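Some notes on the structure that comes next.
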Amino acid sequence: MKERRTWMDLIWRLALIVWSITILFPLVWVLYESLKTNREFFQNVWSLPEVWKWVNYKNAWVKYKLGTTLLNTLYYVGASLLLGTLLTTLNAYALTRMEFKGRKLIWGTIMLSLFLPGINALIPQYVLMRDLHLTNSLTGLILLESLGESVFFLMLLGGFMQSLPKELEESAFMDGASLYQVFFRIMVPLAMPGIVTVAIFKFLGLYNNFLAPFIYLSDPKKYTIGVNMYQANQMMQYTADWVTLFAGVTIAMIPSILMYVFFQRWIMEGATMGAVKG
């Protein structure tokens, strides 16, 4: 039977199309501005380039030292992603699948932190990082991001783990399996959709993170991509080389766009699965 569409459905579709255009247009605009000359940019910011200047990307790569910056970002994001996802998985399992005294109190305290703005922890975190001599260090940033658990990711993965049958663990324990074996051989494979979803969201958050690297890193050789592009933008008041900046911004956007393009199915399915089953 063919589904009948109403006027309201058409209105919603039109609204979503307009919304999509408002999201895509700035990306397209930055792309074709990055292929202009500065003279063309200042003459008319809306016109298309007469000749595509792909050399702007080479200039941006060299001028902003994007090679070194991307390596710093890869180390920061990669290590934080691996360690942080492992700790989130362990915490979600302990708080949703294990029974121990104080578990509900701990879970309630974690949920209470949702009502506290994260900016409140900025000064205590900085004082702690300074006293531990972890400022101006990518490794210190990795520890900060990994050990600072996100309530959103914990709720997402915890809700997914709660939906898994308890009998699987009980039968494994009866067969003599240890807690380590149950976790890594049973729970982790079954919870992999939720774990992958958390990892993808963590990657996007870490890659686009600006505040923490900006506060804790003072050496330009250690800058991540977000801080590096901010410093490049600050230089525009002296150089006004906007087309090179746009080329650098386009290069910086590529990893996030590729991540979404290749893993959008995991993002949608995993987020929905965790929300519904929790």
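The values are calculated or read from the model by the stated rules, or taken from the named source; none is laboratory data. This structure is a prediction, so every number in the text was calculated from the model and none was measured. Neighbour counts are summed over all protein chains in view; Cβ atoms, including those assigned to glycine, are modelled from backbone coordinates with ideal geometry.
Observations
- Applying a threshold of 7 Å to beta carbon distances and a minimum spacing of six or more residues, or different chains, the list of pairs starting in the range 211-238 at a residue that is over 16 Å from T73 (Cβ atoms) and ending at one that is part of a helix (DSSP H, G or I) and among the aliphatic types (A, V, I, L, M) reads N233/L245; M236/L245.
- When E149, E99 are checked against the criterion of being part of a loop (DSSP other than H, G, I, E, B), within 20 Å of the chain's Cα centre (by Cα) and modelled with pLDDT under 85, E149 stands alone in meeting it.
- From G194, G205, residue being in contact with a Leu (Cβ under 6 Å, 6 or more places away or on another chain) and of a type outside the set (A, V, I, L, M): G194
- Answer residue from the range 201-248, given it is of a type in the set (V, I, T) and surrounded by fewer than 19 Cβ atoms within 10 Å (Cβ to Cβ) and is nearest to T37 (Cα to Cα) among those: T239
- Qualifying residue in the range 167-190 (condition: closer than 29 Å to F115 by Cβ and either over 17 Å from the mean Cα position of the chain (by Cα) or charged (D, E, K, R) (or both)): no
- Residues of the range 43-64 that turn out to be aliphatic (A, V, I, L, M) and either under 20 Å from M236 (Cα atoms) or touching a residue at least 40 places away in the same chain (Cβ under 8 Å) (or both), as a count: 4
- Every condition in (1) touching a Gly at 6+ places or on another chain (Cβ under 7 Å); (2) without any contact (Cβ under 8 Å) to a residue 12 or more places away in the chain is met by A92 except one, and the failing one is (2).
- Leading residue by the ranking (modelled with the highest pLDDT) among those in the range 107-124 that are under 16 Å from L147 (Cβ atoms) and of a type in the set (A, V, I, L, M): L122
- Taking every residue in the range 158-182 that is within 15 Å of E99 (Cα to Cα) and pairing it with any residue that is in a loop (DSSP other than H, G, I, E, B) and among the aliphatic types (A, V, I, L, M), at least 6 positions away or on another chain, the pairs with Cβ-Cβ distances below 7 Å are M161/A191.
- Candidates are the residues of the range 118-146 that are within 19 Å of the chain's Cα centre (by Cα) and not aliphatic (A, V, I, L, M); the one that is nearest to A191 (Cα to Cα) is S146.
- Of residues in the range 249-278 being modelled with pLDDT under 85 and buried (at least 20 other Cβ atoms within 10 Å of the Cβ), the one farthest from K202 (Cα to Cα): G274
- Members of the range 103-126 that are touching a Ser or Thr at 6+ places or on another chain (Cβ under 9 Å) and within 13 Å of L211 (Cβ to Cβ): Y126
- Checking N56 against (1) within 30 Å of M187 (Cα to Cα); (2) in contact with a helix residue (DSSP H, G or I) (Cβ under 8 Å, 6 or more places away or on another chain); (3) of a type outside the set (F, W, Y), the condition it does not meet: (1)
- I23 meets the stated requirement of being modelled with pLDDT under 90, under 19 Å from the mean Cα position of the chain (by Cα) and β-branched (V, I, T).
- Test for L95: is it hydrophobic (A, V, I, L, M, F, W, C), surrounded by 13 or more Cβ atoms within 10 Å (Cβ to Cβ) and in contact with a Lys or Arg (Cβ under 7 Å, 6 or more places away or on another chain): yes
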